[in-house]
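Single-structure report; data block below.
The values are calculated or read from the model by the stated rules, or taken from the named source; none is laboratory data. Everything numeric in this text was worked out from a predicted model, so none of it was measured. Virtual Cβ from ideal backbone geometry, glycine too; neighbours counted across all protein chains shown.
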Amino acid sequence: MWENGLTKLLKIKYPIIQAPMAGGVTSSELVAGVSNTGGLGMIGAGYMSPDQMQNQIREIRQLTDKPIGVNLFLPSNYTANEEKLHKAKALLQSVKEKFNIEKEPVLPAHEQDIKTFNEQLNIIIEEKVPICSFTFGLPSPEVVVKMREFGIIMIGTATTVQEALMNEKAGMNAVVVQGSEAGGHRGTFHTEEKHSLIGLMSLIPQVADRINLPLIAAGGIMDGRGIMAAKCLGAVGVQMGTAFLVCEESGANTLHKEAIINASEEEVILTKAFSGKMARGLNNTFIEEMSRYEDVFPEYPLQNELTKEIRKASAANGTTEYMSLWSGQSPRIAKKLTVRELMNNIVMDVEKTRGSL
Ligand SMILES: Cc1cc2nc3c(=O)[nH]c(=O)nc-3n(C[C@H](O)[C@H](O)[C@H](O)COP(=O)(O)O)c2cc1C
């Protein structure tokens with residue numbers, strides 16, 4: 001009952017993908033744990049240096065011989081607006097003082113981001129990683145040709161029908177359809193952010209009617225019920241973030257895990273305050289204090305760098321109030337489990353739900 005086009009494409013038993021979660025969540029134990037239990041473990045390599053990424057791939061290979069994937073961020077083209085940077089720094093100064101942060105942020109450079117991205121691609125090829133997914137944009141035709149040449153399966157991300165069509169045209173083998181429920185950053189790259197907030201219930205069937213790629217549903221899915229619903233709407237697989245983030249093996253900060261476990265859906269909001277790009281997570285003091293300045297802040301990834309030390313200091317000081325607590329809209333279903341327990345529960349749930357349908 002589990003085998004379908006996606007499981008065959010990815011050579012996995014269950015069409016369950018552990019969402020790549022950049023920023024230290026996707027520990028080697030988490031990724032290998034998911035792959036070893038029949039799903040697909042993915043490294044969130046968005047913020048990694050090529051070396052860090054290579055080391056982790058090798059470490060995971062010691063823990064599993066099953067397929068794994070790597071997720072990359074397409075480098076965004078941004079302009080460093082001096083006035084915005086100046087204003088943002090001034091607005092963040094009081095928070096920096098609260099945590100005695102003296103370190104000045106090192107701003108990223110677009111050329112360097114492109115170089116890093118290309119080096120990451122080369123490592124994926126060199127290490128023979130079978131699956132590579134992308135967010136925040138589409139790889140160039142040259143990259144697609146090169147990856148295809150090495151037999152690497154490519155998965156794109158879409159938040160609207162238009163973006164899904166663009167993924168299909170670009171030559172992706174499958175596409176993650178990210179609903180507005182999803183935790184973390186929006187993968188939106190073409191549509192205006194405010195017009196890209198489509199719930200999964202609406203998005204999946206509208207995409208399914210128009211494209212022929214295997215669809216992977218993402219956003220708010222935590223258990224078998226979510227998987228069955230996504231399948232009924234036209235998806236052949238799911239990508240789950242928050243459910244895996246709270247697992248024992250995940251590398252997320254314990255404060256982050258606890259905050260999700262104790263949260264209600266009403267606390268989950270969208271913000272641009274941490275990074276300059278819209279993302280979903282738990283509300284806290286930083287978001288409340290900064291919400292009215294969202295349009296003043298420089299765009300991603302500049303704002304992300306400006307707030308980096310603040311987020312770190314908040315965690316180091318044991319407070320969640322200035323951390324980015326990314327979470328999808330279903331925190332009440334999050335459970336502290338091992339990966340094996342979560343995977344077993346999902347499989348049993350689906351079999352049960354299927355029977356009752
Ligand atoms: C902490 C966190 C980090 C994330 N980082 C990434 C990432 O690096 N790349 C990516 O494609 N998606 C990322 N996502 C989004 C997921 O791929 C997925 O869309 C989302 O987790 C689905 O919603 P859910 O959390 O309710 O399951 C992240 C999500 C979370 C919660």
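Of note:
- Matching entry among SER314, SER275 (being part of a loop (DSSP other than H, G, I, E, B) and surrounded by 17 or more Cβ atoms within 10 Å (Cβ to Cβ)): SER275
- Candidate set from region 52-109 (those that are out of contact with any Ser or Thr (no Cβ under 6 Å at 6 or more places or on another chain) and among the β-branched types (Val, Ile, Thr)); member that is farthest from LEU30 (Cα to Cα): THR79
- Among the residues of region 227-247, those that are buried (at least 24 other Cβ atoms within 10 Å of the Cβ) and closer than 19 Å to LEU197 by Cα comprise ALA230, ALA235, VAL238, GLN239, MET240, GLY241, THR242.
- Test: residue in region 137-147 that is over 30 Å from ALA252 (Cα atoms), of a type outside the set (S, T, N, Q) and in contact with a Cys (Cβ under 7 Å, 6 or more places away or on another chain): yes
- Single residue of VAL95, VAL106, VAL145 found to be in a loop (DSSP other than H, G, I, E, B) and either more than 16 Å from the ligand (Cβ to nearest atom) or modelled with pLDDT of 95 or more (or both): VAL106
- Test: residue in region 195-203 that is more than 16 Å from LEU337 (Cβ to Cβ) and under 14 Å from the mean Cα position of the chain (by Cα): no
- Hey, PHE117 out of contact with any Cys (no Cβ under 6 Å at 6 or more places or on another chain), free of Cβ contacts under 8 Å to residues at least 60 places away in the same chain and within 16 Å of the ligand (Cβ to nearest atom) or not: yes
- Among residues of region 294-311, those that are surrounded by fewer than 23 Cβ atoms within 10 Å (Cβ to Cβ), β-branched (Val, Ile, Thr) and touching a Phe, Trp or Tyr at 6+ places or on another chain (Cβ under 7 Å), counted: 1
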